[in-house]
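Down below is the structure, laid out as structure tokens.
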Amino acid sequence: MSETISLPKTIGIWISEKKSHKLNWNELVNVCRRHGYNLIKLNLDQPIEEQGNLDVFLHKLTDIIAASDQGDSKASGIIGRVEQYISNHPNVTIIDPLNNVRILLNRYIYYSIIQEELSLQKIGVFTPAFAKFTTNNIEQNIEIMKQRGVTFPVICKPTLAHGSKLAHEMILVCNQRGLNVCKPPCVVQSFVNHSAVLYKVFVVGNRYHICQRPSLKNFYPSDDMEPIYYTTGEVSKACSQSTLSILDPNEAQSEKDIDEDKVRMIIKVLRKRIGLLLLGFDIVIDNWTDCIEENVKNIENRFNGLINVGSNSIQCGVTGMNIN
């Protein structure tokens, strides 16, 4: 009796050159090989069919999808070829579906998805109040904020969450006068004081990892303060040392634990509503109400049980959550 030999399956991967340089490519190839997969780095300027017979197409096309949707001709060509490939090869596993990724491109849309989720509300999870500006009329925008319950300070963010450096440029505004710097289309969201500490949650399949990062210090409504411009990378990367993260002398750094049961609930809800396999979001714990604020970044889905693969299991003791 002859044995059936199982041939390796093939993963085709596309990520930007910038992100590719951060990978230990040889280690990734070896890990995939140990699990029975060949790994091919794709060139999307060339026909995908000519680069191998894929079983899995793994991508990080968020910025290119955004640029395509904004009319960039080169990006549109790439996305057109990818969509045609997906249509022609229905048996290839796509991680993640492009239409699901598109949900992440508009901050107002995915904030609204979380705000409407009753299962999160039942466990005290909520998104900080937010509003969409479509005009430069300050009086009209102030009225929109009142209607939506948005209070100062606020973070002004471009509505488009990916696709350019501008998508990551934020403005902290502490008074009505400062609203003149908010250029539509944009989203303004009430700022939650969290003593310059945030927790990043990374999810791959049925595994997740939580790590601590620096964030903005505490801010309060102020008639005198000018708007503060910053980028998320300047403040919240592991190596960031921004002066915006230094607490005032009268404020102590407070360590708060995270309720992993609630984190797992957030993950399951996001995957159900957005339908992705790879998931990344930020959590901050409100100083005064023990709320968690979550900023959905790159969301992508599929699992049942959730396993924390961090070196230390982070415990939680919060009574409510904010989702940003």
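The values are calculated or read from the model by the stated rules, or taken from the named source; none is laboratory data. Here the structure is a predicted model, which means the values were calculated and not measured. Cβ coordinates were reconstructed from backbone atoms using ideal geometry, including for glycine residues, and neighbour counts include every protein chain displayed. The area values use the complete protein model at the heavy-atom level, side chains included, leaving out ligands, DNA and RNA. Shrake-Rupley method; radii C 1.70, N 1.55, O 1.52, S 1.80 Å.
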Using a simple charge model, +1 on the beta-carbon of Lys and Arg, -1 on the beta-carbon of Asp and Glu, nothing else, what dipole does the chain show about its Cα centre, in debye to the nearest 20? 580 debye
Given pairs K146/K268; K18/K132; K19/K157; K74/K165; K217/K256 and cut-off 27 Å on Cα-Cα distance, the over-length ones are K146/K268; K18/K132
Which of rounded, prolate, oblate describes the range 150-209, given a ≥ b ≥ c as roots of the alpha-carbon gyration tensor eigenvalues and a/c under 1.5 marking rounded, otherwise prolate only if a/b is larger than b/c? oblate
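Could you work out the Rg to Rh ratio of the chain, with Rh taken as the Kirkwood radius (inverse of the mean 1/r over all Cα pairs)? Spell out each step's value before the answer.
Working: Rg = 21.4 Å, Rh = 21.4 Å.
That ratio is 1.00, to two decimals.
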If unit charges are put on Cβ atoms (+1 for Lys and Arg, -1 for Asp and Glu) and the dipole of the chain is taken about its Cα centre, the option from V56, L198, V125 lying farthest towards the positive end turns out to be V56
Taking the highest mean first, how do the peptides 277-286, 95-104 order by number of other beta carbon atoms within 10 angstrom per residue? 277-286, 95-104
So in the chain, what percent of DSSP beta bridges are antiparallel if you round to the nearest 5? 65 percent
Roughly how compact is the range 8-89, stated as its Cα Rg over 2.2 N^0.38 Å to two decimals? 1.15
Long-range amide H partners of N218 with built H, under 5 Å: S195, A196, D248
Taking only Cα atoms of the range 99-250, radius of gyration then Dmax in Å: 16.0, 48
In order over the range 122-134: 3J(HN,Hα) from phi, Karplus 6.51/-1.76/1.60, θ = phi - 60°, whole Hz, x for each Gly or Pro, gives 5, 9, x, 9, 8, 8, x, 3, 9, 8, 9, 9, 10
Find me the longest stretch of the chain that has none of the exposed GluC sites (Glu not before Pro), where exposed means in a DSSP loop (not H, G, I, E or B) with at most 16 other Cβ atoms within 10 Å. 117-250
Candidates per trypsin sites (Lys or Arg not before Pro) in the range 122-207, loop by DSSP, up to 14 other Cβ within 10 Å: K122
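Solvent-accessible area per residue for the chain at a 1.4 Å probe radius, Å²?
52 Å²
Taking 0.36 nm per intervening residue step and subtracting the Cα-Cα distance, what contour gain separates L166 from C239 on full extension?
The span from L166 to C239 would gain 24.2 nm if fully extended.
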Shape verdict for the range 117-162, please, from the Cα gyration tensor: rounded (a/c under 1.5), prolate (a/b greater than b/c) or oblate. prolate
Where a ≥ b ≥ c are root eigenvalues of the Cα gyration tensor, a/c under 1.5 meaning rounded, otherwise prolate if a/b exceeds b/c and oblate otherwise, the range 62-111 counts as oblate
Out of the total accessible area of the chain (probe 1.4 Å, heavy atoms of protein only), what percent is carbon and sulfur? 51 percent
